[in-house]
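Working notes for the structure below.
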Amino acid sequence: KKIIIADDDETQKAFGKHFDDELQIYENICIVSLVEQSGKEKVIGDKYAEHIIRYNCEKLMYVTFDFHEYCRGMRFENVSALVEALAMELHDYGFHWRDTNGPIKNQSGIFRINCMDCLDRTNVVQTAFGKAILESQLVKLGLAPPYSQLPTELKTIFMTLWANNGDIISRQYAGTNALKGDYTRTGKRNIEGMLRDGMNSANR
């Protein structure tokens, strides 16, 4: 069972300071929690939701996505359901866009995505969101037709970049490469990746 040691007022103060700082930069924040909605992780998810309610800010949007439930059986492609559900926010938040004359449009919002340790599940979902934004950028620049997929060569480069990013962050915090890295890197889950994850989990 997960036990929260710090009291509510102490953690609420830290929560408020964090989001106060973020809202100085962005107009809106979509919080996406990937923790399990049952079992030992539920206490963390419930407490997070309580902090959001106490913060009481219309600029925060809270979304839960039980990653392990939706992606049971290593069906990580089911993350697409989350991306589709938040398509309007992805569009509205936009991205920073500028030309030689200066800024055309600024990004107005962010997605704050987290699970328990903010490494493995988080990286899979952030990769999916990053891919959706890259596709919209290509359309906006006239480099791809609407609703088209990334060209294979670009997709390979993009996914390698995100997998490397996940590995570097994971090594800093956990001492091993990220779990689920085979999926982030190739879009497919394989036996070798599962065995590597088992070794990395044991090392952690």
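The values are calculated or read from the model by the stated rules, or taken from the named source; none is laboratory data. Just so we're clear, the structure is a prediction, and the values are computed from it rather than from any experiment. For neighbour counting, all protein chains shown are included, and Cβ atoms are generated from backbone atoms with ideal geometry for every residue, glycine included. Just so you know, the surface numbers come from the protein's heavy atoms only, side chains and all, with ligands and any DNA or RNA stripped out. Shrake-Rupley method; radii C 1.70, N 1.55, O 1.52, S 1.80 Å.
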### Task
Can you tell me how much longer the chain between Val63 and Ala14 gets when fully stretched, taken as 0.36 nm per residue apart minus their C-alpha distance, in nm with one decimal?
15.6 nm
### Query
Short version: ³J(HN,Hα) in whole Hz for each residue of the stretch 63-71, in order, from phi by Karplus 6.51 cos²θ - 1.76 cosθ + 1.60 (θ = phi - 60°), x for Gly and Pro, what are they?
10, 10, 9, 5, 4, 5, 6, 5, 10
### Message
Using 27 Å as the Cα-Cα cut-off, could you pick out the over-long pairs in Lys105/Lys131; Lys47/Lys105; Lys47/Lys131; Lys17/Lys131; Lys17/Lys47; Lys42/Lys131?
### Response
Lys47/Lys105; Lys47/Lys131; Lys17/Lys131; Lys42/Lys131
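Please figure out what share of the DSSP beta bridges in the chain is antiparallel and state it in percent, rounded to the nearest 5.
20 percent
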#### Entry: Accessible carbon and sulfur surface of the chain relative to its total accessible area, %, 1.4 Å
54 percent
### Accessible-area value, Cys115, 1.4 Å probe, nucleic acids and ligands omitted, Å²
10 Å²
### Query
Counting only heavy atoms of protein chains, what accessible area per residue, in Å², does the stretch 1-68 have with a probe of 1.4 Å?
63 Å²
### Query
According to a simple spin-label model (label point 7 Å from Cα along Cα-to-Cβ), what is the distance in nm between Arg54 and Ile168?
3.6 nm
## Note on the structure
Most fluctuating of Phe129, Phe15, Phe67 in the GNM of the chain (C-alpha, under 10 Å) is Phe15
### Query
For the chain, modelled as a GNM with alpha-carbon contacts under 10 angstrom, which of Asp92, Asp21, Asp167 fluctuates the most?
Asp21
### Query
³J(HN,Hα) across the stretch 152-159 via Karplus (A = 6.51, B = -1.76, C = 1.60, θ = phi - 60°), whole Hz, x for Gly/Pro?
3, 5, 5, 4, 5, 5, 4, 5
## Note on the structure
Once phi for every residue in the stretch 47-58 is put through the Karplus expression 6.51 cos²θ - 1.76 cosθ + 1.60 (θ = phi - 60°), the whole-Hz ³J(HN,Hα) values, with Gly and Pro written as x, are 5, 4, 4, 4, 5, 5, 5, 5, 5, 6, 10, 5
#### Entry: Rg(Cα)/(2.2 N^0.38 Å) for the chain, N = residue count
1.10
### Message
Testing the spin-label approximation: label points 7 Å from Cα along Cα→Cβ at Val139 and Glu22. State their distance in nm.
### Response
2.6 nm
